[in-house]
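Right, one structure below, let's go through it.
The values are calculated or read from the model by the stated rules, or taken from the named source; none is laboratory data. For clarity, every value in this text was computed on a predicted model and none was experimentally measured. No Cβ is skipped: glycine too gets one built from the backbone with ideal geometry, and neighbour counts run over all protein chains shown.
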Amino acid sequence: MRKVYLVGTGIGGTASLTAEAAEAIAQADCLLGASRMLAPYADCGKPCICAYQAQEITDFLRNSNVQTAAVLLSGDCGFYSGAKNLCAVLPPEFDVTVLPGISSIAAFCARIQQSYEQIHIISLHGISANIAIPVKMHPACFFLLGGKVSAADICKRLCSYQMPDTEIWIGENLGYPNERILHGKASDLTETVTEQLSVMLTVNPQALTYRPAAIPDDSFLRSKIPMTKAEVRCNTVAALKIPHNAVCWDIGCGTGSVSVEMAYCCPEGTVYAYDKNPGAVLLTRENARQFGCDNICAAEGICPECLQNAPTPDCVMIGGSAGKLLPIFKIIRERNPLASVAVTAVSLETIAQAADAFAQYGGIYSITQIAVTRTRKIGTHTMLEAQNPVFLIAGQLSCAAS
């Protein structure tokens, strides 16, 4: 059986290489990896094959006579590494050994004397991800950069989403002679130019210590745009059972109050908020910024037409349908028959339409009346002030339409 080592080389070439990794490289007949990984071994006298795609490496090994190969991977094999894909495609005739290295998060946190057991990790290395919402919800976040989003872009985003005082640490070219460590507030580093080979740590002492629900109505920016009240809002969002990485639709978003509470439920997902009123869309965007929710995408549009090109939803809130509940339900079922749906209604007609829509599309649903009474001080007395009842029709669609 031929031997393949997947070697985590740590950071900065050979400086942080473990003894175990160095021995595997010495034993190998051939080295494979990206050009940056192979550079220190240019004069080692062994074939150095520039390849970093999993299938490309596998094809080479299968078609060669190499008995012992070492695939060089940056950092640690278990930390956003190509080792994951390689392990999945290497055929069983290879004896594979994975050798861990020093990861960028371990090296960087050692540099700045920070522990990292409770740091939330986000990779932006060639992929996109939410930025403001994890910083809002975690005291410390580690960003692995290397894609289109720079350290300065993250700082600008944090300033835009009301977190300019977030403490920032940037590590550039870790382990190389031109290594650089920067430290300051997000507002101080919005124009900083850094290399792609960078990492970032954010420290936010004002991070949330809980997931907000039933946020007080007066916390939102308001106008004459209708808003779903706190008690109804939290029950509606709870009924949807939103996964942390869900794609959500908020149809008839109004002020965006529901969008915000949905966004806190899916910090690794996205809320797509729609309203036919351009003022409502602008207000939703403003509230998203105020609450640090950069996972809300608000757009003007008439449903269901504007939903045609929207990402497939896991959860859908319908707060306003302009009488088009059935065609909205139709497109939801076409896109995801297992989507959870919640409709809020203040009229008997809308209740009947929602129940009919669930029935037509085979859904299992419940109808709950939410009747809220608040207190109000009048002189020395505390008066009871009843709010208009709201009905919540919620459930899950099924694959079979009637």
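Quick check on segment 100-113. Is at least one of its residues of a type in the set (Gly, Ala, Ser), in a helix (DSSP H, G or I) and crowded, with 18+ Cβ neighbours inside 10 Å?
Here is the first cut: in segment 100-113, the ones of a type in the set (Gly, Ala, Ser) are 101, 103-104, 106-107, 110.
Now narrow it down to the ones that are in a helix (DSSP H, G or I): 104, 106-107, 110.
Adding the requirement that they be crowded, with 18+ Cβ neighbours inside 10 Å leaves 104, 107.
Yes: segment 100-113 contains one or more residues that are of a type in the set (Gly, Ala, Ser), in a helix (DSSP H, G or I) and crowded, with 18+ Cβ neighbours inside 10 Å.
Do we have Pro226 as out of contact with any helix residue (DSSP H, G or I) (no Cβ under 8 Å at 6 or more places or on another chain) and either without any contact (Cβ under 8 Å) to a residue 40 or more places away in the chain or not assigned by TED's automatic domain parsing to the domain that holds Asn178 (or both) here?
Values: out of contact with any helix residue (DSSP H, G or I) (no Cβ under 8 Å at 6 or more places or on another chain): yes; either without any contact (Cβ under 8 Å) to a residue 40 or more places away in the chain or not assigned by TED's automatic domain parsing to the domain that holds Asn178 (or both): yes.
Against the criterion (out of contact with any helix residue (DSSP H, G or I) (no Cβ under 8 Å at 6 or more places or on another chain) and either without any contact (Cβ under 8 Å) to a residue 40 or more places away in the chain or not assigned by TED's automatic domain parsing to the domain that holds Asn178 (or both)), Pro226 qualifies.
Show me the strands (runs of 3 or more DSSP E) entirely contained within segment 120-187 in which 3 or more residues are surrounded by fewer than 21 Cβ atoms within 10 Å (Cβ to Cβ). First the steps, then the outcome.
Details: elements: 120-123, 140-144, 167-172, 180-185.
Fully inside segment 120-187 and qualifying: 120-123, 180-185.
Looking only at segment 337-358, count every residue that is part of a loop (DSSP other than H, G, I, E, B) and either touching a helix residue (DSSP H, G or I) at 6+ places or on another chain (Cβ under 8 Å) or touching a residue at least 60 places away in the same chain (Cβ under 8 Å) (or both) and tell me the total. Before you say what the answer is, go through the steps one by one.
Initially, segment 337-358 is screened for residues part of a loop (DSSP other than H, G, I, E, B), giving 337-339, 346-347.
In the following step, the residues that additionally are either touching a helix residue (DSSP H, G or I) at 6+ places or on another chain (Cβ under 8 Å) or touching a residue at least 60 places away in the same chain (Cβ under 8 Å) (or both) were identified as 337-339.
Residues that pass the stated criteria total 3.
Of the numbered conditions (1) crowded, with 17+ Cβ neighbours inside 10 Å; (2) in a helix (DSSP H, G or I); (3) not hydrophobic (A, V, I, L, M, F, W, C), Glu334 satisfies every one except a single condition; which is it?
Status for Glu334: all satisfied but (1).
Within segment 63-90, can you find the residues that are assigned to a loop (DSSP other than H, G, I, E, B), surrounded by fewer than 22 Cβ atoms within 10 Å (Cβ to Cβ) and polar (S, T, N, Q)? Walk me through how you get there before you give the answer.
Step one: list which residues in segment 63-90 are assigned to a loop (DSSP other than H, G, I, E, B), which gives 64-67, 74, 76-82, 90.
Then keep just the ones that are surrounded by fewer than 22 Cβ atoms within 10 Å (Cβ to Cβ); that gives 64-67, 78-82, 90.
Matches in segment 63-90: Ser64, Asn65, Gln67, Ser81.
Can you tell me which condition Pro212 does not meet? The list is (1) assigned to a helix (DSSP H, G or I); (2) outside the structural domain of Arg335 (by TED's automatic domain parsing), and all the others hold.
Every condition holds for Pro212 apart from (1).
Of everything in segment 159-178, what is touching an Asp or Glu at 6+ places or on another chain (Cβ under 9 Å) and in contact (Cβ under 8 Å) with a residue 24 or more places away in the chain? Give them in sequence order.
Selection gives Ser160, Tyr161, Ile168, Gly171, Glu172, Asn173.
Return the pairs, sorted by first residue and then second, in which the second residue is aromatic (Phe, Trp, Tyr), the first residue lies in segment 126-154 and is free of Cβ contacts under 8 Å to residues at least 40 places away in the same chain, the beta carbons are less than 9 Å apart, and the residues are 6+ apart or on different chains.
Val149/Phe143
Given (1) surrounded by 14 or more Cβ atoms within 10 Å (Cβ to Cβ); (2) charged (D, E, K, R); (3) farther than 25 Å from Leu144 by Cα, where does Glu93 come up short, assuming only one miss?
(1)
Can you name the residue in segment 124-149 that is modelled with pLDDT under 95 and small (Gly, Ala, Ser) and is also nearest to His244 (Cα to Cα) among such residues?
Ala129
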